Each structure stands twice: as structure tokens, then as C-alpha cells.
Amino acid sequence: MQIFVTGGTGFIGSALTTALIKQGHTVYVTGKEQYVPAGAILVNTHLTGVNWTALTKKNIEVVYHQAAN
């Protein structure tokens with residue numbers, strides 16, 4: 001499954017991202033580049049700048065919103 005996690009490099013978001021990757025999902029995250037969990041794909045943008053149309057072309061099926069701001 002293709003999953004997008006906002007705040008995927010934060011405390012809760014990174015734990016969620018790691019668990020999803022271990023389950024075999026492809027996970028895209030927003031957050032700080034230096035904290036991207038292994039196997040996650042960084043969408044290098046602020047949450048308000050996410051190109052949602054481009055993400056739908058990647059067949060994103062689930063979005064977990066874990067970003068603080």
C-alpha cells in the first residue's frame with residue numbers, strides 16, 4: 001500500500017513510519033531530512049506546499065496526519 005505520513009520524521013510519525021515500512025508498505029513522509037526513517041521517501045516540502053495532485057498520481061491510498069504545524 002502507498003501511504004503518506006505528514007510529520008513522518010517526528011517522535012510519533014517516525015515510529016508509525018517505521019512500523020508501516022516493516023509491514024511492507026511504501027511510505028512517503030514530510031519532515032526534517034536528517035531524521036527520515038530508513039526506507040521512507042522524503043517529500044521535501046512544507047505541509048502547505050504539498051502537491052496533492054502529484055501524490056494521487058503515486059496512488060497514495062492512506063494519509064496519516066502527524067505534523068505539528
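The values are calculated or read from the model by the stated rules, or taken from the named source; none is laboratory data. This is a predicted model, so every value here is computed, not measured. Glycine also receives a Cβ, built like all others from the backbone with ideal geometry; neighbour counts cover every protein chain displayed. Note: areas computed on protein heavy atoms with side chains; ligands, DNA, RNA excluded. Shrake-Rupley method; radii C 1.70, N 1.55, O 1.52, S 1.80 Å.
Could you list, in sequence order, the residues of the stretch 14-51 that are part of a helix (DSSP H, G or I), free of Cβ contacts under 8 Å to residues at least 40 places away in the same chain and farther than 17 Å from Met1 by Cα? Even if it seems obvious, please write down each step before you answer.
Step one: of the stretch 14-51, the residues part of a helix (DSSP H, G or I) are 14-22, 33-35, 47-49.
Within this subset, residues satisfying the condition of being free of Cβ contacts under 8 Å to residues at least 40 places away in the same chain are 14-15, 17-22, 33-35, 48-49.
Listed by number, the residues that qualify are Ser14, Ala15, Glu33, Gln34, Tyr35, Thr48, Gly49.
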Subset of the stretch 13-51, residues in contact with a Phe, Trp or Tyr (Cβ under 7 Å, 6 or more places away or on another chain) and either open to solvent by 50 Å² or more (accessible area, probe 1.4 Å) or at positive phi (or both), comes to Ile41
Out of the residues in the stretch 52-68 that are touching a residue at least 12 places away in the same chain (Cβ under 8 Å) and of a type in the set (S, T, N, Q), which is least open to solvent (accessible area, probe 1.4 Å)? Gln66
Pick from the stretch 1-12, criterion closer than 18 Å to Leu55 by Cβ and not aromatic (Phe, Trp, Tyr), ranking: most open to solvent (accessible area, probe 1.4 Å): Met1
